[in-house]
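Structure, as structure tokens:
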Amino acid sequence: MSDDSLIHLLTASGRPTPERERVRVWSMSGVERLTFPDGGTLIFKYARRPFDTEDRALRLAESLGVPVPRVHAATVLDGRLGMLLEDLGTSTREANDSDGVAAAVLLHRAPAAAALPVLDEKGLRALPGRALDHLELLRTAGRWQDTDDIAQALGQISRAAVSRAVGSVTDPFGWVHSEFHPTSVHVGEDGWRLLDFARAFTGPGLLDLASWHGTVNAPDAERLRLLMESYVTAGGTPDALVPRGGLPAEAWSLGWHRMWAVEWFMEQAVRWIDDPATDPMYVKVVRRHLTDVLHFLEV
């Protein structure tokens with residue numbers, strides 16, 4: 001897949017054959033550094049659905065003044081995206097909370113983009129029901145057995161979602177990066193750039209702040225509150241601290257971000273990955289996140 005799209009891009013742009021260095025590979029995408037005979041370099045990033053529109057999001061973000069790597073060329077072959085991107089070089093250090101706050105403030109100030117998918121109050125309310133639909137498909141296929149606890153939790157969240165989703169369109173509402181964490185902010189000699197826009201959408205910007213510290217360790221509401229306060233101090237909207245859905249902003253953000261993650265993991269399991277061998281891992285992650293959702297949304 002990556003070879004076909006790279007050959008197409010190189011042929012269309014008239015570039016010579018480069019040396020290729022694998023940088024990172026994920027289950028549905030990968031990144032390589034290309035070095036050309038003249039010493040110039042570019043980044044080649046490839047991805048399959050549902051990550052095949054990242055070039056559009058990057059170009060749109062750049063047009064709105066968001067610091068991102070420039071897209072030099074892109075093509076989609078059989079639903080698989082290939083991009084030639086500006087090479088930002090090696091980062092000078094890992095992004096810290098101050099970098100994350102600065103990036104979030106700037107991104108959330110950008111004008112809303114009509115081209116992006118929308119996750120508003122109606123969309124949030126629908127997440128647990130969509131997850132239940134995924135679970136039914138998995139069970140019908142003979143997978144995800146002995147998961148009555150997951151079905152019960154999703155049912156509880158679905159019933160509570162009508163009231164807990166209130167405040168979804170309270171500012172910051174607009175650009176959501178959706179994979180917002182330190183590895184998505186490249187800090188170089190010329191400043192920072194925001195990477196990985198494959199799943200950007202229009203929705204509650206607080207979901208970005210709730211994802212910054214990652215999902216591997218137990219979520220820390222107090223730590224998120226401090227990050228949110230720093231966000232406001234740095235120029236983010238003061239409404240970021242306003243309670244919503246009858247909950248403190250930090251609890252609301254963590255609860256809905258984890259619910260968004262649950263639905264995404266389950267969609268991967270049934271649609272994009274569709275590999276029964278991965279089921280034990282996905283079930284474990286979904287159970288852990290659902291525990292957090294029940295806690296933070298006070299369901």
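Read-outs: derived from the displayed coordinates by stated rules, not from any lab. Nothing here was measured: the structure is a model prediction, and the numbers come from that model. FYI the Cβ positions are ideal-geometry reconstructions off the backbone, even for glycines, and counts take in every protein chain you see.
Taking GluC sites (Glu not before Pro) across region 21-67, none is in a DSSP loop with at most 15 further Cβ atoms lying within 10 angstrom of its Cβ.
Here the translational diffusion coefficient of region 99-185 follows from Stokes-Einstein with Rh set to the Kirkwood radius across Cα pairs; for 10 °C and 1.306 mPa s it amounts to 103 µm²/s.
Counting Lys +1, Arg +1, Asp -1, Glu -1, what net charge surrounds HIS177 among other residues with beta carbon under 12 Å of its beta carbon?
Values: positive: ARG199; negative: GLU54, GLU179, ASP196, ASP208.
Combined, the nearby Lys, Arg, Asp and Glu give -3.
Size descriptors for region 155-218 (Cα atoms only): Rg and Dmax, in that order, 14.7, 50 Å. Under 5 Å from the amide H of GLY188 lie the amide H atoms of THR92, ARG193, each residue being 5 or more positions distant or on a separate chain, with H modelled from the backbone and absent for Pro and chain starts. Largest GNM mean-square fluctuation across PRO204, PRO248, PRO128, computed for the chain with C-alpha springs under 10 Å, falls on PRO248.
When the Cα atoms of the chain are aligned to their principal axes, the ranges along those axes come out at 60, 51, 33 Å in descending order. In order along region 141-149, the Karplus-derived 3J(HN,Hα) couplings, from 6.51 cos²θ - 1.76 cosθ + 1.60 at θ = phi - 60°, round to 7, x, 10, 6, 6, 6, 10, 4, 5 Hz, and Gly and Pro are given as x. Computed over neighbours whose Cβ is under 14 Å from that of SER29, the net charge equals +1, Lys and Arg +1, Asp and Glu -1.
Phi-derived couplings, Karplus 6.51 cos²θ - 1.76 cosθ + 1.60 at θ = phi - 60°, listed residue by residue for region 108-116: 6, 7, 5, x, 4, 10, 5, 6, 8 Hz, with x used for Gly and Pro. FRET efficiency for the pair THR140 and ARG22, taken as 1/(1 + (r/R0)^6) with r the Cβ-Cβ distance and R0 = 41 Å, rounds to 0.60. The chymotrypsin sites (Phe, Trp or Tyr not before Pro) of region 1-78 that DSSP puts in a loop, and whose beta carbon has at most 14 other beta carbons within 10 Å, are TRP26.
Can you tally the net charge around ARG125? Count Lys and Arg as +1, Asp and Glu as -1, for every other residue whose Cβ sits under 13 Å from the Cβ of ARG125. Mind showing how you got there, number by number?
Details: positive: LYS122, ARG130, ARG159, ARG164; negative: ASP120, GLU121, GLU263.
Net charge in that neighbourhood comes out at +1.
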